[in-house]
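Shown next, in structure tokens, is the structure this report addresses.
The values are calculated or read from the model by the stated rules, or taken from the named source; none is laboratory data. Quick caveat: nothing in here was measured; it's all calculated off a predicted structure. Glycine also receives a Cβ, built like all others from the backbone with ideal geometry; neighbour counts cover every protein chain displayed. The protein model used for the area step is the full one, side chains on, heavy atoms only, and it has no ligands, DNA or RNA in it. Shrake-Rupley method; radii C 1.70, N 1.55, O 1.52, S 1.80 Å.
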Amino acid sequence: MKIGFIGAGKVGTTLGKCICDYYDKHKSSDGEKISVSGYYSRSIESTSESVHFTKTKIFDNLKTIVCASDILFITTEDSEIPRVWSCIAELEISNKIICHFSGSLSSDVFSKNDIKTGSFISTCSFHPVFAFSDKFSIYKQFNNVTFAAEGDKNACKTVGSIFSAMGHNIISISTENKVRYHAACVFASNFLVSLLHTSEEMLESCGFGQSEALDLIKGLALKNANTYFKSGAAHSLTGPLERADVQTIKKHLDVLSKTEYDEYMALSKGLLGIAREKNPERDYNSVEAILYEDIIILEKGKV
Ligand SMILES: NC(=O)c1ccc[n+]([C@@H]2O[C@H](COP(=O)([O-])OP(=O)(O)OC[C@H]3O[C@@H](n4cnc5c(N)ncnc54)[C@H](OP(=O)(O)O)[C@@H]3O)[C@@H](O)[C@H]2O)c1
């Protein structure tokens, strides 16, 4: 079974390299030979680099790579996937499997209404939960990665077995929940960066040097993350909100910039639910009054 890559960037090159390395020495679970047919990309420079790196073949147009491949991995930027699809949908693609790796798009982007009548294709999306920071070295760390998969059963089974044989973990996500799933990943990765950065900057504004600030937040963040993964949200929750300590919360709000204030309020609303679940006997009404003050004032204004 031959896999053709459309898009010779970080993801396409890393996946291609890992697939070549593994399937040079192994067969698929059902004994089939898996190989990479080659790359087609927007620029010849990117295509040549990836082809040289993976020792595969250059394709200089979509028609030839589609013809030479049983499976097409579309590894362009998200915004280009619909454009690439509209071009390949016009070609002879019957019986091919088509897959992209975007977190936020689903396989619905490959609309079956666009293909020639009578053609049968199977489509899916496989989102690798991994940060591909570069094109030529990150493949060394691409081990035991989780892919969130959705789409047609046949495509998911075939693509899933290619990656699971390589030691990766495949989880299913419904097409309807794909965007929500991706937003959840943003909370756990990107927003965590924002929170740590806010804390670092605030500590520096208190006079700590950068390494002192980083040591301090590293201790707090890692301990909390470990407790969270070991014992869950309720167990890891501590602090003024959990204690319903309104005076301290008010003092915090007084010393925050506008952006810090907004973040503090939004995140505290999330914590309030956890705190109530953890301590059902504790009265959190006065905390709630502070957090939803704006809404209460607005509502009073309306009356
Ligand atoms: N980066 C990550 O950490 C990460 C993680 C999970 C999932 N993903 C997903 O993986 C996909 C690829 O991301 P990436 O980070 O690899 O992007 P990237 O490094 O920017 O690579 C995209 C590649 O697509 C090529 N391309 C763009 N438009 C094209 C077109 N119309 N026809 C053919 N080739 C085209 C570009 O070509 P040229 O170089 O030739 O101009 C570039 O090499 C995206 O769907 C992304 O959401 C990325």
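Summed over all non-identical Cα pairs, the Kirkwood treatment of segment 189-232 gives a radius of 11.0 Å. In the context of the full protein assembly, Phe208 retains an accessible surface of approximately 80 Å², using a probe radius of 1.4 Å and ignoring ligands and nucleic acids. Measuring only protein heavy atoms, the 1.4 Å probe finds Ser268 accessible over about 10 Å². For the chain, with all protein chains in place and a probe radius of 1.4 Å, 55% of the accessible heavy-atom surface sits on carbon or sulfur. Each Cα pair of segment 237-303 feeds into the Kirkwood radius, which the Stokes-Einstein equation turns, at 20 °C and 1.002 mPa s, into a diffusion coefficient of 171 µm²/s. For segment 2-174, the calculated P(r), taken from all Cα-Cα distances in 10 Å bins from zero up to the bin holding the longest distance, is 10, 43, 39, 8, 0 percent. Mean residue ellipticity, 222 nm, helices only, the chain: the sum of -39500 (n - 2.57) across DSSP H runs of n ≥ 4, divided by residue count and rounded to 500, is -15500 deg cm²/dmol. Note on segment 115-249: Rg/Rh from Cα positions, Kirkwood definition for Rh, rounded to two decimals, is 1.12. Entry note, segment 2-174: relative contact order of 21 percent, from Cα contacts under 8 Å with a spacing of 6+ residues.
Counting only protein chain heavy atoms and rolling a 1.4 Å probe, the accessible areas of His168, His235, His182 rank, largest first, as His235, His182, His168. Using only alpha-carbon positions in segment 202-269, the gyration tensor eigenvalues give semi-axes of 21, 20, 10 Å once each is multiplied by 5 and square-rooted (largest first). When Ile170, Ile6 are compared by accessible area of protein heavy atoms, the largest-first order is Ile170, Ile6, using a 1.4 Å probe.
D for the chain, whole µm²/s, Stokes-Einstein with Kirkwood Rh over alpha-carbon pairs at 37 °C and 0.692 mPa s: what number? For the chosen part, D equals 145 µm²/s.
Surface exposure of the chain, expressed per residue as accessible area with a 1.4 Å probe, stands at 57 Å².
Average projection, convex hull of the Cα set of segment 1-104: 6.5 square nanometres. Among the listed pairs Lys55/Lys178; Lys218/Lys278; Lys157/Lys223, those whose Cα-Cα separation exceeds 30 Å are Lys55/Lys178; Lys157/Lys223.
Computed across segment 141-220, the Kirkwood radius stands at 15.7 Å (inverse of mean 1/r, all Cα pairs). Rounded to the nearest 20 debye, the dipole magnitude of segment 1-103 is 240 debye, with +1 charges on Lys and Arg beta carbons, -1 on Asp and Glu beta carbons, and the Cα centre as origin. For segment 189-232, a crude dipole built from +1 on the beta carbon of Lys and Arg and -1 on the beta carbon of Asp and Glu, taken about the Cα centre, is about 320 debye to the nearest 20.
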